[in-house]
Amino acid sequence: MIDVHCHLNFKTFADDYDVVIKRALAKGVTRIINVGTSLESSEWAVKLAGQYDELYAIVGIHPHHADKVQHDWIGKLEKIASQPKVIAIGEIGMDFYEYKSNGIVDPKRQEEVFVEQIKLAHKLNLPLQIHNRHAGEKVIEILLSHKSHLLNPPGMFHCFAATKEVLKSALQMGFAIGFDGNVTYSGLARGETVSLPDLAREVPLDRIVTETDSPYLTPLPYRGSRNEPSYVIITAEFIAKLRGISFEEFEAQTDKNTHAIFPKLR
């Protein structure tokens, strides 16, 4: 089982990331992909990847942080992204959700930072890991207008939530779709119109991947506690049951999908 998106590079894991990593590996997680949201967290993701054979890094500027980048940020990111165990540029995209800590970053600035990173990924021949919270239509619009910069396959949408129309467009462009522990929750999240289980049923089996987004989005029955990579197995079991297939079949296919998205993953 592969956790295609987590944040062991965040402060909440500073004191026990080694224990968390070893627990995940002992439970059957074979690869853990740590994802940056800023230059600092991207650097730490690369550092962790260098310490463990099973860890890899994805680096980038989250749209939440698009208003915080400074002079020559893209040059600094390119240097980080050129490290051997960096397998994609992410998590990047657009976000129109109003966070209590940050509000909504100016959409124009978000788009500028997003486009610069799409171009960087093309330059470095790396796929994308996309964030699209409450901004699916705009993300699709931007990706379509920069289609010549996308690889084949182009990457994946992380923690997918959107309309079925956005899902259809993402799939048509060749993207894979990632689901997290919140797929186990009942009801609709604020601002969403389609349930995550309904979306998870729609995605072709050869395009679906699983992730935790640790420390966030802990699956049931552990919701309310810190999420961690070992819980990716819980999410995978839930989606396998949802789709009426065995966990073993689902695990084998999602592992295959992940390697297809990220050719540098070994």
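Each value in this text was obtained by applying a stated rule to the coordinates, not by laboratory testing. A quick note: this is a predicted structure, and the numbers were derived from the prediction, not measured. A quick note on method: Cβ atoms are made from the backbone with ideal geometry, for glycine too, and the neighbour counts reach across all protein chains shown.
With the convex hull built on the Cα atoms of the range 146-226, state its orientation-averaged projected area in nm².
Numbers: hull surface 24.0 nm².
Projected area, direction-averaged: 6.0 nm².
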Can you list the residues, at least 5 places off or on another chain, whose amide H is less than 5 Å from the amide H of Ile177, using H built in the peptide plane? Phe157, Ile208, Val209
Anchor Lys11: aspartates and glutamates whose Cα lies under 15 Å away (excluding residues fewer than 8 positions away in-chain): Glu40, Glu43, Asp213, Glu228
Going down the table (Lys68/Lys108; Lys22/Lys47; Lys76/Lys256; Lys79/Lys264; Lys47/Lys138), which pairs top 24 Å between alpha carbons? Lys76/Lys256; Lys47/Lys138
Given an 8 Å cut-off on Cα distances and at least 6 residues of separation, report the relative contact order of the chain as a percent. 19 percent
So, in nm, how far is label Thr12 from label Lys68 when the simple model puts each one 7 Å beyond its Cα toward the Cβ? 1.6 nm
What is the pair-distance distribution P(r) of the range 90-218, computed from all Cα-Cα distances in 10 Å bins starting at 0, with each bin given as a whole percent? 12, 45, 35, 7, 0
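So for the range 60-134, averaging the separation of alpha carbon pairs under 8 Å that are six or more residues apart and normalising by length, what relative contact order in percent results? All intermediate terms of the calculation are to be shown ahead of the outcome.
Details: 105 pairs, mean separation 32.7, N = 75.
Reported relative contact order: 44 percent.
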Residue by residue through the range 67-80, which ³J(HN,Hα) values in whole Hz follow from phi under the Karplus form 6.51 cos²θ - 1.76 cosθ + 1.60 (θ = phi - 60°), with glycine and proline marked x? 8, 10, 6, 10, 3, 6, 4, 5, x, 5, 5, 4, 4, 5
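May I ask for the Rg/Rh ratio of the range 1-88, computed from Cα atoms with Rh as the Kirkwood radius, given to two decimals? List each step's numbers first, then the result.
Details: Rg = 13.1 Å, Rh = 13.2 Å.
For the range 1-88, the value is 0.99.
Please sort by residue number the GluC sites (Glu not before Pro) in the range 96-134 whose DSSP state is loop and whose Cβ has at most 14 other Cβ atoms within 10 Å.
Counting only loop positions with at most 14 other Cβ atoms within 10 Å, the GluC sites (Glu not before Pro) in the range 96-134 are Glu98.
Sort Met1, Met156 so that the residue with the fewest other Cβ atoms within 10 Å of its own Cβ comes first and the one with the most comes last.
Working: Met1 24, Met156 29.
Ordered from fewest to most neighbouring Cβ atoms within 10 Å, Met1, Met156 come out as Met1, Met156.
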DSSP-defined beta bridges in the chain - what % are antiparallel, rounded to 5: 5 percent
Please state, rounded to one decimal and in Å, the Kirkwood hydrodynamic radius that the chain gives when every pair of distinct Cα atoms enters the mean of 1/r. 18.1 Å
Between Tyr97 and Ala189, what length comes free when the chain is fully extended (0.36 nm per residue of separation minus the Cα-Cα distance, one decimal in nm)? 32.0 nm
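Give a quick list of trypsin sites (Lys or Arg not before Pro) in the range 28-128 that DSSP marks as loop, anything other than H, G, I, E or B, with at most 11 other Cβ atoms within 10 Å. Spell out each step's value before the answer.
On the way: sites: Arg31, Lys47, Lys68, Lys76, Lys79, Lys85, Lys100, Lys108, Arg109, Lys119, Lys123; in loops: Lys68, Lys85, Lys100.
Of the trypsin sites (Lys or Arg not before Pro), the ones in loops of the range 28-128 whose Cβ has at most 11 other Cβ atoms within 10 Å are Lys100.
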